[in-house]
1. Among the candidates Asp50, Asp65, single out the residue that is open to solvent by 40 Å² or more (accessible area, probe 1.4 Å), modelled with pLDDT of 90 or more and of a type in the set (Asp, Glu).
2. Does Arg12 satisfy being at pLDDT 90 or above and open to solvent by 40 Å² or more (accessible area, probe 1.4 Å)?
3. For segment 25-47, which positions are open to solvent by less than 70 Å² (accessible area, probe 1.4 Å) and among the aliphatic types (A, V, I, L, M)?
4. Does Thr59 satisfy the criteria of being hydroxyl-bearing (Ser, Thr, Tyr), in contact with a strand residue (DSSP E or B) (Cβ under 8 Å, 6 or more places away or on another chain) and either under 24 Å from Val102 (Cβ atoms) or open to solvent by less than 40 Å² (accessible area, probe 1.4 Å) (or both)?
5. Any residue that is aromatic (Phe, Trp, Tyr) and more than 15 Å from the chain's Cα centre (by Cα) - is there at least one of those in segment 27-48?
6. Could you list, ordered by first residue, the pairs with Cβ atoms under 6 Å in which the first is in segment 65-87 and free of Cβ contacts under 8 Å to residues at least 40 places away in the same chain and under 30 Å from Ala191 (Cβ atoms) and the second is among the small types (Gly, Ala, Ser) and surrounded by 10 or more Cβ atoms within 10 Å (Cβ to Cβ), at least 6 apart or interchain?
7. Working only within segment 77-93, note down all residues that are over 20 Å from Ser163 (Cα atoms), open to solvent by 60 Å² or more (accessible area, probe 1.4 Å), outside any loop (DSSP other than H, G, I, E, B) and not aromatic (Phe, Trp, Tyr).
8. Of these, Thr190, Thr115, Thr175, which one is modelled with pLDDT of 90 or more, farther than 19 Å from Val43 by Cα and open to solvent by less than 50 Å² (accessible area, probe 1.4 Å)?
Amino acid sequence: MAKTSTTTQGLRAAIERSGYYPALVAEAVEAAVGGEPIRSYLVHQETTFDQNEVRRHVTVLVLTDNRFIVSHTDEQAADSTSPTPYATTSTESVKLGRISSVVVSRVVANPEQYTPGTLPREVVLTIGWGAVSRIDLEPAACGDPNCEADHGYTGNSTADDLSLRVSEAGDGPETVRQALAFAQAISEATADLSR
C-alpha cells in the first residue's frame, strides 16, 4: 500500500483502533492490496460468546479501482492441533466485474419521524459475487386445497458471499457511517462497470 495516501493511512489507523492483532491484520491487507490506491474501506471488529469462551473476529473490506478485497481474521484458543492460542487470517480478492449484487438494508427507529440524512440504527451490507450461494427450498403446491399430488419443490437461490451487520449501539455511529460510505462506493464502482 502506498504510505502517502490519506485513505491508506485512514485504513491503517482503523485497523489499529480495532485493537485486534493490528500488525497481523495490516500485513495481510497490505499484501492483498499491493500497490493499488484504495478508494474506500471498512473495518469491523466483532466479539462473540461461544459457551465459556469469548471469540473475536475482524473483517476488513477494501475497494480499489479494480478489486474488492475481503480479509477475515479469527482467533482460536489452544486445542489439540496447537498448544498455544493462534489466529487465522485469510484474504480474498474479487474483480469488480464479478460482483453481482450489493444489498444495503437499513434499520431506522420511528420511521414516521424519519428525516433524510439521519443515521440508521443498523446497517446490513450483503455483497455477492457467486462464490457462495444459499438455496431455500419448500414443497410446491397448487391452488386446489384437496390436491394430494406431488408438485416437487420451489425455492430461491441467493448470492450470499458476504453479509456484514453494524449497529450504532454495538459499533458506534462512525462505523455505521463508514459502512454506508463503503456500500455507496462499491455500488458506484460496480455500476460504473455496467455502463
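The values are calculated or read from the model by the stated rules, or taken from the named source; none is laboratory data. Computed from a predicted structure; not experimentally measured. Quick reminder, even Gly has a Cβ in these numbers, built from the backbone with ideal geometry, and neighbours come from all protein chains shown. Remember, those area values only see protein heavy atoms, side chains included, never the ligands or the DNA or RNA. Shrake-Rupley method; radii C 1.70, N 1.55, O 1.52, S 1.80 Å.
1. Answer to the check: Asp65.
2. yes
3. Selection gives Val25, Ala26, Ala28, Val29, Ala32, Val33, Ile38, Leu42, Val43.
4. yes
5. Checking segment 27-48: not a single residue is aromatic (Phe, Trp, Tyr) and more than 15 Å from the chain's Cα centre (by Cα).
6. Arg67/Ser93; His72/Ser90
7. Correct list: Asp79 only.
8. Checking each option against the conditions leaves just Thr190.
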